[in-house]
Amino acid sequence: VRLVSFGSPGAEQAGVHDEKGILPLADLLSSFGLRPDDMNAVLGLWSHLGRDVAAALETDQVRIDPATVRLGPPVPHPNNIIGVGRNYKDGPNAGELPQPVLFTKPTTALNGPEDAIVRPAQTETLDYEAELAVVIGRGGRHISRSQAAAHIAGYTVANDVTVPDLMFPGHVDNPGDLEALGLQPLLGKGFDTFAPTGPWVLTADEVSDVKQLEIYLSVNGEERQRGSVRNLVWDVETIVEEVSGAMTLQPGDIILTGTPPGIGWMMDPPRFLEIGDTIEITVDQIGTIRSRVEGPS
Ligand code: MG
C-alpha cells in the first residue's frame, strides 16, 4: 500500500494511492476517533488499520485525481527525523567506525516530493544526498535487531540536503582535515526544505527484500549517484536497534539511512547545486521524488 499525504502545506490529509487515484482516509480515521491528518496514527496502528484500508481500496469510493493535488511529505508531522552518516561501504567518508554516526534533522525541514528546495542566502554550496528512509510504525525503546522488522511500517525516498561549508565550517581552508574542524549538522542539514520525502510510504509488506533496492539520483537528467542498499554498513535492522537504544522511537519517525557514492562536494572539483537545477531521486519499487532548486524569496 502507498500511503500519501495530500493537500496544501501544513494542511495535508492522509490517503492511499493506487492505480485509480488517491483515496482519502478521513472517513476511516474519523471512525476510529482520529484526525484526517494523523498519519502517525495510521502508521502506529497499521497492523490493525491495514485490513480496513485494504477493504476500502476494494470499494468504488471516489478517488482524487493525483494530478489535481499537491503531495506533501507522506509523514507530515513526525516526532523525529534521524539521519545516519557514513553508512555506505562504497560511499562518502566510508570507514571502519565502531557505531553508526547519528544526527537529527528538524521536522521543519520536511518538504513534499515535488516541492522546491530553497538554497539559503548563507551559502552557494548546496548538495544532495539520495537516501532510502525507514518509517517507523509501532514505536518502542531498546528494539533488538531481530524485533526491528515488526516496528518498520514502510519505506520512502529522501534527500538529505546538505550545505557542506556550513556543516564543516573550516573545510574550505583545511580540506584534508575534517575531523579536527567539528561538525555543524543542524546548520549543514537543518534548513527549511532540506528534507524532501515521498512520494509515499510504501508499506513494508510490499518490499520483499530491502537489501535488493537500488538508489539513483540525477541532476538535470545527468546521473550522479547510484547505489545499492546491500552496501549499507549498518543495515536497517541494526540502525533501528542503535537508535532505539538511545531514544524512544515513535510512530511516524523517519530514519534516513545514509547516501551512496556520488555526492557533489566530494567530486574533484566539487559540483554544487545551482538555482534552477532539478534533482530526481528514485528508489526501486518505491518511487521518485523530484525537486527544483530555488533561491531565497
Ligand atoms: Mg545523509
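The values are calculated or read from the model by the stated rules, or taken from the named source; none is laboratory data. Worth saying up front: this structure is predicted, and the values here are computed from it rather than measured. Using ideal geometry, Cβ is built from the backbone for each residue, glycine included, and neighbour counts are taken over all protein chains shown. Surface areas here come from the heavy atoms of the whole protein model, side chains and all, with no ligands, DNA or RNA. Shrake-Rupley method; radii C 1.70, N 1.55, O 1.52, S 1.80 Å.
Across region 121-143, what is the number of residues that are open to solvent by less than 40 Å² (accessible area, probe 1.4 Å) and either out of contact with any strand residue (DSSP E or B) (no Cβ under 8 Å at 6 or more places or on another chain) or within 16 Å of the ligand (Cβ to nearest atom) (or both)? Walk me through how you get there before you give the answer.
Let us first name the residues in region 121-143 that are open to solvent by less than 40 Å² (accessible area, probe 1.4 Å), namely 123, 125-137, 139-140, 143.
Imposing the further condition that a residue be either out of contact with any strand residue (DSSP E or B) (no Cβ under 8 Å at 6 or more places or on another chain) or within 16 Å of the ligand (Cβ to nearest atom) (or both) reduces the set to 123, 125-134.
Qualifying residue count for the region: 11.
Listed here are the residues, each with its yes/no results for (1) closer than 18 Å to residue 134 by Cα; (2) out of contact with any strand residue (DSSP E or B) (no Cβ under 8 Å at 6 or more places or on another chain).
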| position | (1), (2) |
| --- | --- |
| 185 | no, no |
| 203 | yes, no |
| 220 | no, no |
| 237 | yes, yes |
| 243 | yes, no |
| 264 | no, no |
| 273 | no, no |
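Considering (1) at pLDDT 95 or above; (2) assigned to a helix (DSSP H, G or I); (3) over 24 Å from residue 73 (Cβ atoms), the lone condition that residue 265 does not fulfil carries the number (1). Out of all the residues in region 98-108, is one or more open to solvent by 10 Å² or more (accessible area, probe 1.4 Å), away from the ligand (no atom under 15 Å from the Cβ), at pLDDT 95 or above and out of contact with any Lys or Arg (no Cβ under 9 Å at 6 or more places or on another chain)? Checked against the condition, which is being open to solvent by 10 Å² or more (accessible area, probe 1.4 Å), away from the ligand (no atom under 15 Å from the Cβ), at pLDDT 95 or above and out of contact with any Lys or Arg (no Cβ under 9 Å at 6 or more places or on another chain), region 98-108 yields at least one hit.
Taking the listed residues 215, 289, the one that is of a type outside the set (D, E, K, R), outside any loop (DSSP other than H, G, I, E, B) and within 14 Å of the ligand (Cβ to nearest atom) is 215, with no other qualifying. Determine whether region 256-278 contains at least one residue that is in contact with a helix residue (DSSP H, G or I) (Cβ under 6 Å, 6 or more places away or on another chain) and among the hydrophobic types (A, V, I, L, M, F, W, C). Yes, because at least one residue in region 256-278 is in contact with a helix residue (DSSP H, G or I) (Cβ under 6 Å, 6 or more places away or on another chain) and among the hydrophobic types (A, V, I, L, M, F, W, C).
To keep it simple, each residue is scored yes or no on (1) closer than 12 Å to residue 201 by Cβ; (2) more than 16 Å from the ligand (Cβ to nearest atom).
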| position | (1), (2) |
| --- | --- |
| 46 | yes, yes |
| 61 | no, yes |
| 66 | no, yes |
| 69 | no, yes |
| 77 | no, yes |
| 80 | no, no |
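When we screen 30, 5 for residues that are more than 20 Å from residue 196 (Cα to Cα) and either surrounded by 19 or more Cβ atoms within 10 Å (Cβ to Cβ) or free of Cβ contacts under 8 Å to residues at least 24 places away in the same chain (or both), the only hit is 30.
Just one of (1) modelled with pLDDT of 95 or more; (2) within 17 Å of the chain's Cα centre (by Cα) fails for residue 41. It is (2).
Yes/no per residue for (1) in contact with a His (Cβ under 8 Å, 6 or more places away or on another chain); (2) within 30 Å of residue 246 (Cβ to Cβ); (3) loosely packed, with under 15 Cβ neighbours inside 10 Å:
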site: 54; (1), (2), (3): no, no, yes
site: 64; (1), (2), (3): no, no, no
site: 67; (1), (2), (3): no, no, yes
site: 74; (1), (2), (3): no, yes, no
site: 77; (1), (2), (3): no, yes, no
site: 80; (1), (2), (3): no, yes, no
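Within region 76-103, residues that are without any contact (Cβ under 8 Å) to a residue 60 or more places away in the chain sit with their Cβ atoms under 8 Å from residues that are near the ligand (Cβ under 10 Å from one of its atoms) and open to solvent by 10 Å² or more (accessible area, probe 1.4 Å), at 6+ positions apart or across chains, in these pairs: 95/86; 101/85; 101/86. Criterion first (open to solvent by less than 60 Å² (accessible area, probe 1.4 Å), farther than 30 Å from residue 292 by Cα and either outside any loop (DSSP other than H, G, I, E, B) or at pLDDT 95 or above (or both)) does residue 14 satisfy it? In short, no.
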